[in-house]
Amino acid sequence: MICVVGLGYIGLPTAIMLAASGNDVVGYDIDKDRVKALNEKKLLLDENEFEEEFNLAYDKGIKFVEELPTTDLYIVSVPTPYNHESMKIDPKILIDAVKNVLGVCRKNSILVIESTISPGTIDTYIRPLLGNNENEVSLVHAPERIIPGNMIYELKNNNRTIGADNEKIGEYVQNIYSTFCKGEIVLTDIRTAEMTKVIENTYRAINIAFANELAKLCYKHSMNVNEIIDICNKHPRVNILSPGPGVGGHCIAVDPRFLIGDYPRDTDLIRTAMEINDSMPEFVLNRIYKIMKDNNIKDISRVGLYGLTYKENIDDCRQSPTLQLLEIQREHLGEPLKVYDPYVKKDIVENQYHDFDKFLDDIDIMVVMVNHKHLYENLKIIGNKIIYNTKADFIR
Ligand code: SAJ
């Protein structure tokens with residue numbers, strides 16, 4: 001029986017896919033409300049194909065429990081935040097989860113860590129928990145690559161990496177994942193697996209930073225950055241990403257900082273890239289002030305931010321550029337801007353609207369922070385608002 005520890009953005013779909021593919025799965029989470037909701041068949045995740053897989057997993061007998069069960073295979077997928085000062089991983093949640101597993105697991109158990117962890121985390125923080133390892137527990141690192149908004153498809157089709165201390169254990173875990181993953185599952189050592197995951201996201205962060213620096217340069221010198229990028233990308237070996245109002249989420253915004261924290265003297269490019277991405281919310285705020293001045297609008301409460309999530313067509317707001325911008329505005333003692341996001345049903349900031357019409361009535365300038373499909377489905381009601389689209393870099 002496989003126990004998936006942590007039923008969040010990654011653990012829950014992973015548990016569902018394992019069960020839907022015929023594995024005997026028990027899902028455990030420290031949040032008893034979450035476990036209760038899952039036992040009441042509440043989906044908790046709004047992703048394509050998730051409902052079908054969830055129902056199939058249910059039919060095949062997946063269980064959700066409030067007490068950590070005794071078994072011999074655990075997949076741990078819990079948050080691994082970073083410490084803002086040291087820029088190093090904060091492994092506390094992961095350490096607590098592993099300690100709980102070690103308190104109940106059988107002899108010769110396998111403990112797979114899916115959480116994104118900085119290189120050396122398992123050696124530094126997890127291996128010492130095994131002590132002299134009389135229980136002969138095997139550690140494995142199996143980072144995931146799924147992208148919110150396309151999780152089920154990517155869980156089935158993405159290539160994966162399994163880091164293990166020996167080939168036999170690696171092959172065993174590879175076979176488990178291959179029950180639902182049709183991509184190539186590469187076996188390597190644990191430290192290499194830790195490194196590859198963080199480097200993949202760092203590669204993306206650097207490329208986003210390049211697009212963002214181009215956006216700032218083109219704005220300053222009155223050129224159209226999106227037209228330039230579109231033309232450049234017609235080159236067979238050029239693929240410039242899209243500029244935006246900043247970088248959110250708990251991955252691209254976080255993982256590169258693990259490398260900066262661990263290798264401060266060897267990560268100049270990475271540090272500069274993160275500084276560029278981190279500078280974008282303030283860049284947007286300054287452009288808002290300029291637009292207000294150009295249109296003789298003195299009242300900041302006439303400005304509304306469309307989009308609170310960290311990217312399109314999902315409900316995840318973690319570290320979103322809008323939250324970063326509102327924080328800057330707060331630090332400058334500025335009045336909080338109005339905000340509307342069709343995907344965010346709960347109040348998470350001041351001045352948050354849940355009615356698009358009312359939001360539009362109360363503003364003169366709409367700043368598009370996230371290009372949700374909802375926006376393009378409702379263009380007709382926007383009327384003659386001044387629009388600053390931070391992702392398409394146009395102002396109307
Ligand atoms: N963004 C841009 N411009 C772009 C692409 C993204 O500004 O061209 C912004 C987005 O708006 C968002 C942020 O970057 O605020 C991150 O979005 P994302 O779609 O790039 O990434 P995530 O965080 O949703 O998912 C990433 C993926 N990693 C890579 O693509 C290398 C995913 O495969 C990982 O599984 C995930 O991180 C993770 O959990 O590590």
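The values are calculated or read from the model by the stated rules, or taken from the named source; none is laboratory data. Just so it is clear, the model here is predicted, and its values are computed rather than measured. Positions of Cβ are backbone-derived with ideal geometry, glycine not excepted, and every protein chain shown enters the neighbour counts. Heads up: the accessible areas ignore ligands, DNA and RNA and are worked out on the full protein's heavy atoms, side chains in. Shrake-Rupley method; radii C 1.70, N 1.55, O 1.52, S 1.80 Å.
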- Query: Quick one: in region 239-275, which of the residues that are more than 24 Å from residue 80 (Cα to Cα) and open to solvent by 50 Å² or more (accessible area, probe 1.4 Å) is nearest to the ligand (Cβ to nearest atom)?
  - Reply: 242
- Task: Take residue 258 and decide whether it is modelled with pLDDT under 95 and of a type outside the set (Val, Ile, Thr).
- Result: yes
- Kindly provide the set of residues from region 122-169 that are in contact (Cβ under 8 Å) with a residue 60 or more places away in the chain and either surrounded by 21 or more Cβ atoms within 10 Å (Cβ to Cβ) or β-branched (Val, Ile, Thr) (or both), ordered by number. 122, 142, 144, 146, 148, 151, 152, 155
- Message: Cβ-Cβ distance below 6 Å, separation of 6 or more or different chains: which pairs start in region 364-384 with a residue that is closer than 19 Å to residue 326 by Cβ and within 16 Å of the ligand (Cβ to nearest atom) and end on one that is among the hydroxyl-bearing types (Ser, Thr, Tyr) and part of a strand (DSSP E or B)?
- Response: 367/388; 368/306
- Note on the structure: Scanning region 380-396 residue by residue, the ones that are more than 28 Å from the chain's Cα centre (by Cα) and either open to solvent by 10 Å² or more (accessible area, probe 1.4 Å) or at pLDDT 95 or above (or both) total 8
- Selection over region 134-190 where residues are basic (Lys, Arg) and more than 15 Å from the ligand (Cβ to nearest atom) yields a count of 2
- Query: Restricting region 98-121 to residues that are open to solvent by 20 Å² or more (accessible area, probe 1.4 Å) and not polar (S, T, N, Q), which is farthest from the chain's Cα centre (by Cα)?
  - Reply: 107
- Message: Taking the conditions exactly as written (more than 17 Å from the chain's Cα centre (by Cα) and under 30 Å from residue 166 (Cβ atoms)), does residue 203 satisfy them or not?
- Response: no
- Is region 31-52 home to any residue that is among the small types (Gly, Ala, Ser) and either open to solvent by 70 Å² or more (accessible area, probe 1.4 Å) or closer than 26 Å to residue 174 by Cα (or both)? no
- Message: Take the conditions surrounded by fewer than 13 Cβ atoms within 10 Å (Cβ to Cβ) and away from the ligand (no atom under 12 Å from the Cβ) and apply them to residue 282. Does it pass?
- Response: no
- With respect to residue 185, determine if the residue is more than 26 Å from residue 317 (Cα to Cα), of a type in the set (Val, Ile, Thr) and surrounded by 20 or more Cβ atoms within 10 Å (Cβ to Cβ). yes
- Name the one entry in 288, 190, 231 that is surrounded by fewer than 19 Cβ atoms within 10 Å (Cβ to Cβ) and of a type in the set (A, V, I, L, M, F, W, C). 231
- Could you list, in sequence order, all residues of region 15-41 that are more than 22 Å from the chain's Cα centre (by Cα) and either part of a loop (DSSP other than H, G, I, E, B) or closer than 17 Å to residue 111 by Cα (or both)? 21, 22, 23, 24, 25, 26, 40, 41
- For region 204-226, does any single residue satisfy the condition of being within 11 Å of the ligand (Cβ to nearest atom), in contact with a Leu (Cβ under 8 Å, 6 or more places away or on another chain) and open to solvent by 50 Å² or more (accessible area, probe 1.4 Å)? yes
- Message: Condition first: crowded, with 20+ Cβ neighbours inside 10 Å and modelled with pLDDT of 95 or more. Now tell me which residues in region 324-348 satisfy that.
- Response: 324, 325, 326, 338, 339, 340, 341, 342, 344
- Yes/no for residue 12 being within 16 Å of the ligand (Cβ to nearest atom), modelled with pLDDT of 95 or more, assigned to a helix (DSSP H, G or I) and within 18 Å of residue 77 (Cβ to Cβ): yes
- Query: So is residue 175 over 22 Å from residue 120 (Cβ atoms), surrounded by fewer than 16 Cβ atoms within 10 Å (Cβ to Cβ) and within 23 Å of the chain's Cα centre (by Cα) or not?
  - Reply: no
